[in-house]
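Scroll down for the structure; my scribbles are underneath it.
FYI, it's all coordinate maths here, none of it is from the lab. It should be emphasised that the depicted structure is a prediction, and the values quoted were computed from it without experimental measurement. Please note: Cβ atoms are built from the backbone with ideal geometry, for glycine as well, and neighbour counts cover all protein chains shown.
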Amino acid sequence: MGIIINRDTKVVVQGITGLQGSFHTRLMLDYGTLIVAGVTPGKGGTEVHGIPVYDSVSEAVERYGATASMIFVPAPFASEAALEAMEANIKTVVLITEHIPVRNTIQILAYAKRQGVRVIGPNTPGIITPEDCKLGIMPAHVFARGEVGIASRSGTLTYEIAAELTKAGFGQSTCLGLGGDPIVGLSFVDTLKMFEQDKQTRAVVLIGEIGGNAEEQAAEYISFNLKSKSSPLRIVAFVAGRAAPIGKRMGHAGAIVMGKTGTAKSKIEAFRKAGVKVAEKPSDIPKLLAEKI
């Protein structure tokens, strides 16, 4: 059943009446996601694609027992939406919104930690358990059910690599985008811990990029936790941004090299030191997996 979500996950969409919220709600419903309600203040009593809309998350949770929220709320109001969801006892928050101020993100994550809430994002394409449930904006047709988990800092590369895996006969257990902002909720280490406990997942693809130290932390965890106890989980990686110039942001707010920090070279070296094979290009990943499994 993958990690975090499955076909029984009851979902609330915050910002469902907006253009993006409405559009992606339709696609998620078509995929089989169990969306039970939408939330837009002032729009309570209306419907979107047959889904009832409420003024508050607490109303939707009380009526339907929702445990996950998708947030399509604009950046100035997204932090309030996330805090409202957590106050209503939502346990999984998927923050699609980008350009949320860093200070607000820190507040969201601090509250989430106190409440025991998983936050995916912000600035994430979401999460998908193929053929079960999709919470996000990813093109579902490239994914197939299987035994390979994907955790990625890049939305587009998630789709590209999932398509390469599917074409090569490697289905996926769960695929999620960690988010492209400098500070995000779930990390590579968090997802590795969950994949390790998931009976369906035999291998994991980590998709990194320049900026920050999330990949180095993952490599350290692999070295001192997975390798030391001979975990059966097989891991391969890809790191984008090898030719990125220092000091120039590349695509994401978090994808920027400052001095010697966050370079593709340092991340690749860390993975290789931990025994993780790193692909030269996305199309090489199925071959590396075939050697591992």
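Order these peptides, 86-97, 43-54, by their mean beta-carbon neighbour count within 10 angstrom, highest first.
Numbers: 86-97: 22.7, 43-54: 15.7.
My ranking of the peptides, most packed first, is 86-97, 43-54.
Across the range 103-117, coupling constants 3J(HN,Hα) worked out from phi with the 6.51/-1.76/1.60 Karplus curve, θ = phi - 60°, read 4, 5, 4, 4, 5, 4, 5, 5, 5, 4, 4, 5, 8, x, 9 Hz, and Gly and Pro carry x.
Spin-label model, Ser223/Ile183: points 7 Å from Cα along the beta carbon direction are separated by 2.7 nm.
In the chain, the convex hull through the Cα atoms has an average projected area of 14.2 nm², a quarter of its surface area.
With the highest mean first, a sort of the peptides 171-177, 212-218, 235-241, 140-146 on other beta-carbon atoms found within 10 angstrom per residue produces 171-177, 235-241, 212-218, 140-146.
A Stokes-Einstein calculation at 25 °C with viscosity 0.890 mPa s, built on the Kirkwood radius of the range 138-292 over Cα pairs, returns a diffusion coefficient of 160 µm²/s. Phi-derived couplings, Karplus 6.51 cos²θ - 1.76 cosθ + 1.60 at θ = phi - 60°, listed residue by residue for the range 129-140: 9, x, 6, 10, 7, 10, 10, x, 10, 6, x, 5 Hz, with x used for Gly and Pro.
Holding the Cα-Cα limit at 18 Å, pick out from Lys227/Lys277; Lys43/Lys134; Lys227/Lys287 the pairs that are longer than that. Beyond 18 Å: Lys43/Lys134; Lys227/Lys287. Per-residue 3J(HN,Hα) values for the range 275-281, derived from phi via the Karplus relation 6.51 cos²θ - 1.76 cosθ + 1.60 with θ = phi - 60°, read x, 8, 6, 10, 6, 6, 8 Hz in sequence order (x marks Gly and Pro). For Val204, the amide hydrogen comes within under 5 Å of the amide hydrogens of Gly149, Arg234, Ile235, Val236, counting only partners 5 or more places away or on other chains and with H modelled in the peptide plane.
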